[in-house]
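Q: Next up is a structure, given as structure tokens.
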Amino acid sequence: MKIWTALAVAVAAVLFGLALSNEVYALTSPPSLSWHVLLRKAYSIGAFAILGYVSGRAAYEWRLKPTIPGLTLAVGLYSAAIEVAQFLNGSTEGLGWNVFDTACGAVGGLLAGIALRFTPRRARGRRPR
């Protein structure tokens, strides 16, 4: 069994479900915090970085060479898919926020690619370009 692949699929599924949950949105956007949007965006970048990292490790299991631009694009596209699903689920955020949220996903993928470069070679196989 490819553990990193299973973990990447699980993380992607959990994050997708959380992104569509109104309860999670309310929990992470308490009106009492004037900076709740910044906090929520920081959470999302962290979550996307985790997804990108485990996805990069999964790529190594399949003898693929994850690259920093590739992870940035892949996680950004995943983030865009979440935005589409949220729209279909009734979200009223405007296009500007959708683009910003997708960019947060791409930043998370970028951070994941950078983190993979610092993962010991023995633990990851090959170095991303």
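The values are calculated or read from the model by the stated rules, or taken from the named source; none is laboratory data. The shown structure was predicted, so the numbers you read here are calculated from the model rather than taken from an experiment. So basically every Cβ, Gly included, is an ideal-geometry build from the backbone, and we count neighbours across all protein chains shown.
Q: So, restricting to helices (runs of 4 or more DSSP H) that lie completely within segment 20-129, which ones have at least 3 residues that are of a type in the set (Ser, Thr, Tyr)?
A: Hits in segment 20-129: 36-61, 68-88.
Q: Working only within segment 25-49, note down all residues that are of a type outside the set (Ser, Thr, Tyr), free of Cβ contacts under 8 Å to residues at least 60 places away in the same chain and surrounded by 14 or more Cβ atoms within 10 Å (Cβ to Cβ).
A: ARG40
Q: From the list ALA13, ALA103, exactly one residue is touching a Ser or Thr at 6+ places or on another chain (Cβ under 9 Å), among the small types (Gly, Ala, Ser) and surrounded by fewer than 16 Cβ atoms within 10 Å (Cβ to Cβ). Which is it?
A: Every option except ALA103 fails the conditions.
Q: I would also like to ask the following. Going through TYR60, TYR53 one at a time, which residue ends up being surrounded by 14 or more Cβ atoms within 10 Å (Cβ to Cβ), out of contact with any His (no Cβ under 9 Å at 6 or more places or on another chain) and modelled with pLDDT under 95?
A: Only one candidate qualifies: TYR60.
Q: In addition: Can you confirm whether segment 38-54 contains a residue that is more than 13 Å from the chain's Cα centre (by Cα) and small (Gly, Ala, Ser)?
A: Within segment 38-54 (the criterion being more than 13 Å from the chain's Cα centre (by Cα) and small (Gly, Ala, Ser)), the answer is no, since none of the residues qualifies.
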